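Quick note: the coordinates plus some simple rules give every number you see, no bench work behind them. Fair warning: this is a prediction, and the values are worked out from it, not measured in the lab. Because the Cβ atoms are built from the backbone with ideal geometry, glycine has one as well, and the counts that use them run over all protein chains shown.
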Amino acid sequence: MNYQELAGRAIAGSHISQAEANDLINTPDSELFALLTAAEKIRRHFKGNKVKLCGIVNAKSGRCSEDCSFCAQSAHHKTDCQVYPLMNKNELVEAAKSAEKNMSATCFSFVTSGKTIHSDPELRTLGSALSTITSETNLNRCVSLGTLNLEQIKQLKQSGLKRLHHNLETAESYFDKMCTTHSYAERLGTIRLAKEAGLDTCSGGIFGLGETPEQWVEFALTLRELNVESVPINILNPIPGTPAAADHHPMPPFEVLKLVATYRFILPSKDIGVFGGREKALGSLQPLMFIAGANVTLVGDYLTTKGQSAEKDLQMISDLGLEIDRAPH
Ligand code: SF4
């Protein structure tokens, strides 16, 4: 396969086809580095040597009514995940400020468990925290609150929200194996409403649940069609007590790298992040995620699992000759 020729086409703005993407995702191991070099060329063209760092806080944890198979916070699964209500405004603001000051985060998201935000007081608390972060930090402001209606999205935008995160999680053809309590269409609807409200959108998912590589491609093509600005890739870190942990086959590091590189070819100009599970899935090959095309990662802890230290991440970025993108959002 001529990876460089395909990279040239992606840089020139021409879409690669589903068949070509399926060939990329099935790259033989012996050609992995040819694939990575070509993906890196695309990343460098659109992103230079800059990377973005996201921070998150699990602002409300546990007791979710939904049954997503991988999730520690679902009330359907027996896990030892923490359960607490929405943090207060000061706690939310402090979490954001600390991520900016101590971890060099450039974007920060409040993430809540549950299908949606159920009460106006919760929305007001989040809005008030967003207003303070807008005036007192340089952070790009993001939230991940589940399904939202247009009115709720507009209210948050007025408080300073820039980006709505809402993962589709997986390909439509695999979704009913991952979740039975809500539909793919519902998730698509929230992303479309965020776009209608004029927000940036961030949507990706979790990989390694049992999907096929062709379903990873199908998923990326949906994200391309939706024109989301940012795509987080999480690799399943199986949580004891969740259905996804019961029959888990870890993704080998080469497979993760092929996934990231193929996403860079399909979504050449978008932000692509490798987030949860990267330490475990990539092991000593972790820095190669940036060569494979990622230009975003998450610093600090994930929602219910620990991440590696921010110092280690910053060192990895600097060792690769990359810089943190501190441009105002
Ligand atoms: S992923 Fe979100 S919606 Fe699904 S169970 Fe977890 S908290 Fe609930």
*Near PHE254, within a Cβ-to-Cβ distance under 13 Å, what is the net charge of the other residues, with Lys and Arg +1 and Asp and Glu -1?*
-2
*Sum -39500 (n - 2.57) across every DSSP H segment of at least 4 residues in the chain, then divide by the residue count to get the 222 nm mean residue ellipticity, nearest 500.*
-13000 deg cm²/dmol
_trypsin sites (Lys or Arg not before Pro) restricted to DSSP loop in the range 236-317 with at most 13 other C-beta within 10 Å_ = LYS306
*Descending semi-axes in whole angstrom, ellipsoid equivalent of the chain, from the Cα gyration tensor*: 30, 22, 19
*asked:* Can you tell me which of ASN234, ASN90, ASN49 moves the most in a GNM of the chain? Springs connect C-alpha atoms under 10 Å apart.
replied: ASN90
_For a quick check, take a GNM of the chain with Cα springs below 10 Å and name the residue from PHE290, PHE70, PHE33 with the largest mean-square fluctuation._
PHE33
*In whole Å, what is the distance between the alpha-carbon centres of the range 191-213 and the range 75-122?*
19 Å
